[in-house]
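Enquirer: Attaching a single structure in C-alpha cells format; questions to follow.
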Amino acid sequence: MQYPDDDNGKMLAAMADAGIDLSKALDIDFFLVFDDQRDAESALEDIQTKALEGEVELLLNDESGKWELIVCLNMVPEYDALVAQESSLNDFASEFGGMSDGWGVMQHQEGDDEFMDDDHEHGPDCNH
C-alpha cells in the first residue's frame, strides 16, 4: 500500500514493513509536550473531563526537560484518521501552551506476531 511522503506516511509504511496488521485497532500513543508543569497539569485535568475513549499519562521527559502528556487511543491506524486526531490534539494542547509531538505504537501488541519465536521454550520464569 502507498502512503503519503510525510512523517505519518513513513511511520505507517515502516509499521506495515514490520508486519503489523494496519487493518486492526492498535493502542496508539499521541505525545503532547509542554514547557511548563502547570500548563501540562491543566491540560491533563481538562482532557480527563472529556468523553475520551482512551488513557492519559503525564510525565517529565528527563532528556528534554519537557512535560509529556501521553494520550493513548485504541484505533485503526488509518492515515486520515491519524492526521485528524493529531491535529485535534495539537489544537487542544495549544490552548495550554503545548503542542503535538507525534505519535507511536508499542512494538508488540495483540495480533502482532513479529516477535513470535517458534524456537523459544517456555520455562518457569517466563512472563509471556
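Enquirer: Of the residues 69, 59, 44, which single one is aliphatic (A, V, I, L, M) and more than 18 Å from residue 88 (Cα to Cα)?
Expert: Just one listed residue meets the conditions, 59.
Enquirer: Please go through the range 51-77 and give me each residue that is surrounded by 10 or more Cβ atoms within 10 Å (Cβ to Cβ), of a type outside the set (A, V, I, L, M, F, W, C) and without any contact (Cβ under 8 Å) to a residue 40 or more places away in the chain, ordered by number.
Expert: Once the filter is applied, which keeps residues that are surrounded by 10 or more Cβ atoms within 10 Å (Cβ to Cβ), of a type outside the set (A, V, I, L, M, F, W, C) and without any contact (Cβ under 8 Å) to a residue 40 or more places away in the chain, the range 51-77 yields 54, 55, 57, 61, 64, 66, 68.
Enquirer: Shifting gears a bit: Please find, within the range 88-99, the residue that is farthest from residue 27 (Cα to Cα) out of those that are of a type outside the set (Phe, Trp, Tyr) and touching a Ser or Thr at 6+ places or on another chain (Cβ under 8 Å).
Expert: Among them, the one singled out is 93.
Enquirer: How do the pairs read when you match residues in the range 7-34 that are at pLDDT 95 or above with residues anywhere that are part of a loop (DSSP other than H, G, I, E, B) and charged (D, E, K, R), using Cβ under 6 Å and keeping only pairs 6 or more apart or on different chains?
Expert: Pairs that qualify, where the first residue is at pLDDT 95 or above and the partner is part of a loop (DSSP other than H, G, I, E, B) and charged (D, E, K, R), are 33/66.
The values are calculated or read from the model by the stated rules, or taken from the named source; none is laboratory data. Just so we're clear, the structure is a prediction, and the values are computed from it rather than from any experiment. A quick note on method: Cβ atoms are made from the backbone with ideal geometry, for glycine too, and the neighbour counts reach across all protein chains shown.
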